[in-house]
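All remarks here apply to the structure that follows.
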Amino acid sequence: LLKRVPEPEGYRPEKPGNLIRNAREAFKEKPFRAFMEVLFLLSLVAGMARSFLPVYAKDVFTQGDDAVMAFSLVASVGALAMGLLTRLLVDRLGAKPLYVIFTAATALSLAPLALAPGPTGFLALPLGAALLLGLVNFLSSFGLAGEENVGQTYFFSLVKSERTLDLGVVYWLVYGLGGTIGAGAGGVALDALGAIGLGHAGAFRLFFAILLVVLAWVLVRMGSLVRLGSSS
């Protein structure tokens, strides 16, 4: 690292900045505030979804650890597909349209979980459960990884190079805070839903329905993001 990796000179400010001052000034700008709101909410949803998709498979569909590991592998393929698609489209469409597309894909991936009644009918069969959980894990990883990938591209386009280092700290604090709160609040929410008498299937249906509502609001708020030269 010391000998081979070059210093990113283009992002080094001419003189040392003040992190707090730069962050305060950035939050006075509407485009940056809108992006931070979107980033936080998407991180919140990602923290909830990623943490509890394996729990959903085990609690609702009684999948074993081997099956959950297989679904994780399918999710990795979804992330790989995202990378290939982003490579082809990000220069043609720009960051904002892809940000919207990947967020919509995440919502689409969680919709079946808000509707599925649990292991009944076709879903009670091993094939039915495998198809549902495999599709959900593939699409959710495709959407969530895409949001994070394109979100960074959007951030670098939005922020001036001399402010990238300071505002990059803000970016990762917001991202980490959203994910941490999401993972913790998700567990509390599921315990609370169970405490009021909902079974595993009912509690998770309401849980993922709430995530869908949050994603719908995010898609609305994405209209406030500046295009930065991307397609409409």
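The values are calculated or read from the model by the stated rules, or taken from the named source; none is laboratory data. The structure displayed is predicted, hence computed values, not measured ones. Note that we place each Cβ from the backbone using ideal geometry, even for glycine, and neighbour counts take in every protein chain shown. Remember, those area values only see protein heavy atoms, side chains included, never the ligands or the DNA or RNA. Shrake-Rupley method; radii C 1.70, N 1.55, O 1.52, S 1.80 Å.
Quick notes on this structure:
- In this Cβ point-charge picture (+1 for Lys and Arg, -1 for Asp and Glu), the chain has a dipole of about 640 debye about its Cα centre.
- The stretch between residue 125 and residue 80, if pulled fully straight at 0.36 nm per residue, gains 13.3 nm over its current Cα-Cα span.
- Placing a pseudo-label 7 Å from each Cα along the Cα-to-Cβ vector at residue 55 and residue 1 gives an inter-label distance of 3.3 nm.
- Normalised alpha carbon radius of gyration of region 106-154 [divisor 2.2 N^0.38 Å]: 1.39
- Taking 25 Å as the straight-line reach from the Cα of residue 3, the lysines in range (excluding those fewer than 8 positions away in the same chain) are 15.
- Restricting the calculation to Cα atoms, the chain yields a radius of gyration followed by a Dmax of 19.6, 66 Å.
- For region 38-105, the Kirkwood hydrodynamic radius comes to 13.9 Å, computed from all pairs of different C-alpha atoms.
- Within the accessible area of the chain (1.4 Å probe), percent carbon and sulfur: 67
- For region 136-232, pairs of C-alpha atoms spaced more than 21 angstrom apart make up 49 percent of the total.
- Gain on full stretching of the segment that runs from residue 162 to residue 210 - 0.36 nm per residue minus C-alpha separation: 13.4 nm
- Treating each Cα of region 66-150 as an identical point scatterer and summing with the Debye formula, the log10 of I(q)/I(0) at q = 0.13, 0.15, 0.21, 0.23 Å⁻¹ comes to -0.45, -0.57, -0.91, -1.02.
- With 0.36 nm allotted per residue and the present C-alpha distance subtracted, the residue 188-residue 173 stretch has 3.2 nm of extension available.
- Using the Karplus relation 6.51 cos²θ - 1.76 cosθ + 1.60 with θ = phi - 60°, the per-residue 3J(HN,Hα) values for region 31-39 come to x, 5, 4, 4, 5, 5, 5, 4, 4 Hz, with x marking Gly and Pro.
- Projecting the Cα positions of 79, 45, 165 onto the charge dipole of the chain (unit charges on Cβ atoms of Lys, Arg, Asp and Glu, taken about the Cα centre) puts 165 furthest along the positive direction.
- With all protein chains kept in place, the per residue accessible area of the chain amounts to 54 square angstrom at a probe of 1.4 angstrom.
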